[in-house]
Amino acid sequence: MILVAITSISVSAEDLRKIISLSGYWKFSIGDDIQWASPLYDDSDWDEITVPEQWENQGYNEYNGYAWYRKTFMLGNIPANGTIYLMLGRIDDADMVYLNGKLLGRNGKFPPDFVTAYDKVRKYNIPAGYIKLDAENVIAVRVYDTYLDGGITDGPTGIYYDADNDYLSLKLDGRWKFHTGDSKDWSSPDFIDEGWKTINVPSEWENEGYADYDGYAWYRIKFRLPQNFSTGEMYLSLGKIDDVDEVYLNGKLIGSVYDLRKDGEYRRSGWEFNARRLYKIKEGSLNRNGINTIAIRVYDGQLRGGIYEGPVGIMSAENYRRFRNKHYTNQSFWDQIYDMIVED
Amino acid sequence: MKMAWRWRFDYFNNVSRMKTFYISVLVCLITQSGRINAEQGNLSLLQNLKGTWSFSIGINDEWTSPKYNDTGWETIKVPSSWEDQGFNGYNGYAFYRKKFTIPSVHKGRMLYLYMGYIDDVDAVYLNGHKIGSTGGFPPDYVTAYNAERIYFIPEQYINFDGTNLIAVKVYDSYQAGGIVSGEIGLYGGRASVRFDVNLQTNWKFKPGDDLRRKDTGFDDSLWDEVFVPAKWEDQGYRDYDGYAWYRKSFVYTGSNEDDKLVILLGKIDDIDQVYINGTLVGSTGNFTGKMNARIFTGQEYNAFRGYYLPAGLLKKGQKYVVAVRVLDTGGVGGIYEGPVGIITQTKYIEYWRKIKKSGN
């Protein structure tokens, strides 16, 4: 029941589609050794257990502490335009997830400052270049459990992609510059953000090592348009952001969740964090030949924070309407009337 | 046992609910003896010790010794009340003795003597060493006729492949007396543990709380000694609930300094903090001074403790002090179940693979 509910929630919100399932037998060992993150490590003499299912039910009754899971898989094809996610369901209590030796993300905290995240469904953005096609990929999951149930316990496990990326003319997901705190200067295209850390977008910042952070933070990205990029009215999609945002394109404010308030979708979503960010880019505001800078000021009140869901990128006006039609189909008659009045 | 549900204590935030909470804890503690129950817990029967035992009424310190010759004694069936075996109407002291062999294949395994139910009070000796006691002998008489007896046998007391003597001192106040029921026998814990440092021995022990007790140089010379693992109720602290500290110094003699180390403390009732030379290396439960319901779930007493030590903490040939702070909220208290010791991660992985293989 829970599994079905999670899958359908994810799908309805984001149009996530499964590329491959990763449930079934995984290699497993109790203990802790950072070498086990490496794709080169030989785990052939490790035990095997089923994922998802708590290890207590699989011969490790009463085991508490560190353990690692490893899984090798091949991927024939991924959609060219997709944001790819690794879903691991719930992990009891804390985890760090490596793909081919690179840290994808983490949740909860390991000792000595232990914090559980046992009830959270893990969804990790896989940045471009982390995953190999037509070759072996190795996922290694480091887990720490205090007591009672432990391990990858339930929920969807697999590689997924966000089909909504097909609406984008230019994808902007991946590594962005990121800084906690707040400064007016950070909106400027001239500001030098070289010293900033990078972060995956979209991905809640709790996945990225900012487990306890609430408050202001800024995201920045620089990009060039491809040649012959379509002209005319465009839209910047930033998926969903927890909680509120102000978006600057080349130093100019182009939108904020507060601007969306007159939108029927925003009213129906109920909260800032659940509203799809779609901001109009006026003709002429994108540099055709030079560098463009997007800077996003985010404020998170509590719990999950940041640009946590896609699609992230630029879409044409036509795709903008198609995207809205796809996701905003549940409007009542009165909602439609209201939208018409407000739009006029 | 599957723990499908778990308590996270956000809803224990008002007084009336706290009451429910304490009642739940009480239920957990009452059911706990069933959990360690030899027949349904993690223990498996290695040797049945039911049947004919030597028996004498009376009391004599020499009767605990393996050297004492009991050939002139009566025999009696165990388990059964002595009233049914020709000693009708007898109340007071009596001794049971039995010789048996423990094969050396059991070396390294946690071994337990399960004595079932004894009416009213007992003390059990293996080869002259006391391994446990339940209830209180006169003059501080307390019956424990409804308590299940399960005593850990320290390996150093065992004569492997040779004769071992069990001597049981019993005091009965009235009505049925003796070793009255249960699947009496020698039981083995889960897989054997190959310790690098075996800490199943006497520890320094003191009730109360003082964080300075974690420090290496703290003077514990006047502290009491108790055996670990065993509930403190069996070792002279019958009604004690609250804070207590255990301390033990040891020399690290491990072979492989490159391997990670794990300190095992079996099970502790209820919550604990473990320090080595003053450094906190592991903890279960939450010490806030109050019974903080958000972290204290009432299941801590049943959690198996295996704390991974920070790399490089122990160096070969050096002396260390491990200090364990325990808070018991009621009922059974202390480090009550093993294994207790230090083991390399490699051996610890081996240990869990063996447990999985053996299916318990």
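Brief remarks on what is shown
- The residue of region A:164-184 that is surrounded by the most Cβ atoms within 10 Å (Cβ to Cβ), among those that are touching a residue at least 60 places away in the same chain (Cβ under 8 Å) and assigned to a loop (DSSP other than H, G, I, E, B), is A:D173.
- Listed conditions (1) crowded, with 17+ Cβ neighbours inside 10 Å; (2) out of contact with any Ser or Thr (no Cβ under 6 Å at 6 or more places or on another chain); (3) modelled with pLDDT under 90 are all met by B:D234, apart from (2).
- Scanning region A:207-265 for residues that are buried (at least 17 other Cβ atoms within 10 Å of the Cβ) and basic (K, R), we see that the one that is modelled with the lowest pLDDT is A:K240.
- Only one of the numbered conditions (1) modelled with pLDDT under 95; (2) in contact with an Asp or Glu (Cβ under 8 Å, 6 or more places away or on another chain); (3) under 21 Å from A:D145 (Cα atoms); (4) within 14 Å of another protein chain (Cβ to nearest Cβ) is violated by A:G65, and that is (1).
- Of all the numbered requirements in (1) of a type in the set (A, V, I, L, M); (2) farther than 20 Å from A:F323 by Cβ; (3) in contact (Cβ under 8 Å) with a residue 24 or more places away in the chain, A:I192 misses one, and that requirement is (3).
- Subset of region B:198-225 (residues that are assigned to a loop (DSSP other than H, G, I, E, B) and buried (at least 21 other Cβ atoms within 10 Å of the Cβ)): B:L199, B:Q200
- Verdict on B:Y320 being away from chain A (no Cβ under 11 Å), outside any helix (DSSP H, G or I), surrounded by fewer than 21 Cβ atoms within 10 Å (Cβ to Cβ) and of a type in the set (F, W, Y): yes
- Flag for A:T198 being among the polar types (S, T, N, Q), part of a strand (DSSP E or B) and either touching a residue at least 40 places away in the same chain (Cβ under 8 Å) or touching a strand residue (DSSP E or B) at 6+ places or on another chain (Cβ under 8 Å) (or both): yes
- When the residues of region B:273-307 are filtered to those that are at pLDDT 90 or above and over 20 Å from B:E337 (Cβ atoms), the one that is farthest from the other protein chains (Cβ to nearest Cβ) is B:N277.
- Any chance B:R213 is out of contact with any Ser or Thr (no Cβ under 6 Å at 6 or more places or on another chain) and modelled with pLDDT of 95 or more: yes
- Check on A:N57, polar (S, T, N, Q), surrounded by fewer than 18 Cβ atoms within 10 Å (Cβ to Cβ) and facing chain B (nearest Cβ under 7 Å): yes
- The single residue among A:D32, A:D15, A:D47, A:D42 that is out of contact with any strand residue (DSSP E or B) (no Cβ under 7 Å at 6 or more places or on another chain) and either modelled with pLDDT of 95 or more or farther than 27 Å from B:G189 by Cα (or both) turns out to be A:D42.
- Given (1) part of a loop (DSSP other than H, G, I, E, B); (2) in contact with a helix residue (DSSP H, G or I) (Cβ under 9 Å, 6 or more places away or on another chain); (3) charged (D, E, K, R), index of the condition A:D190 fails: (2)
- Filter result for A:D95 (buried (at least 17 other Cβ atoms within 10 Å of the Cβ) and either of a type in the set (K, R) or within 14 Å of chain B (Cβ to nearest Cβ) (or both)): no
- Among the residues making up region A:201-229, those that are within 17 Å of the chain's Cα centre (by Cα), under 26 Å from A:N289 (Cα atoms) and not basic (K, R) are A:V201, A:W218, A:Y219, A:I221.
- Look at region A:26-40: where a residue is under 10 Å from A:W68 (Cα atoms) and away from every other protein chain (no Cβ under 11 Å) and a partner is part of a loop (DSSP other than H, G, I, E, B) and not small (G, A, S), sitting 6+ places away or on another chain with Cβ atoms under 7 Å, you get A:K27/A:D43; A:K27/A:W46.
- Any hit, region B:334-356, residues being outside any helix (DSSP H, G or I), polar (S, T, N, Q) and more than 14 Å from every other protein chain (Cβ to nearest Cβ): no
- Scope region B:225-252; condition closer than 26 Å to B:D140 by Cβ, over 17 Å from the mean Cα position of the chain (by Cα) and not hydroxyl-bearing (S, T, Y); matching residues: B:G242
- For region A:311-331, the criterion of being of a type in the set (D, E) and either touching a Gly at 6+ places or on another chain (Cβ under 7 Å) or at pLDDT below 90 (or both) is satisfied by no residue at all.
- Within region B:158-197, the only residue that satisfies the criterion of being among the basic types (K, R) and in a strand (DSSP E or B) is B:K169.
- If the condition is being more than 14 Å from chain B (Cβ to nearest Cβ) and either not small (G, A, S) or not in a strand (DSSP E or B) (or both), then region A:148-163 contributes A:I152, A:P156, A:T157, A:I159, A:Y160, A:Y161, A:D162, A:A163.
- Candidate set: region B:131-142, residues that are buried (at least 17 other Cβ atoms within 10 Å of the Cβ) and not small (G, A, S); chosen: the one modelled with the lowest pLDDT: B:T134
- With respect to the conditions (1) touching a Leu at 6+ places or on another chain (Cβ under 6 Å); (2) not in a strand (DSSP E or B), B:K99 lacks only one, and its number is (2).
- Residue match in region B:59-67 (condition: aromatic (F, W, Y) and in a loop (DSSP other than H, G, I, E, B)): no
- Note on region B:244-260: among residues that are at pLDDT below 95 and touching a Leu at 6+ places or on another chain (Cβ under 9 Å), the one that is nearest to the other protein chains (Cβ to nearest Cβ) is B:K260.
The values are calculated or read from the model by the stated rules, or taken from the named source; none is laboratory data. Since the model is a prediction, treat every value here as computed from it, not as a measurement. With ideal geometry, Cβ positions are generated from the backbone for all residues, glycine too; neighbour counts draw on all protein chains shown.
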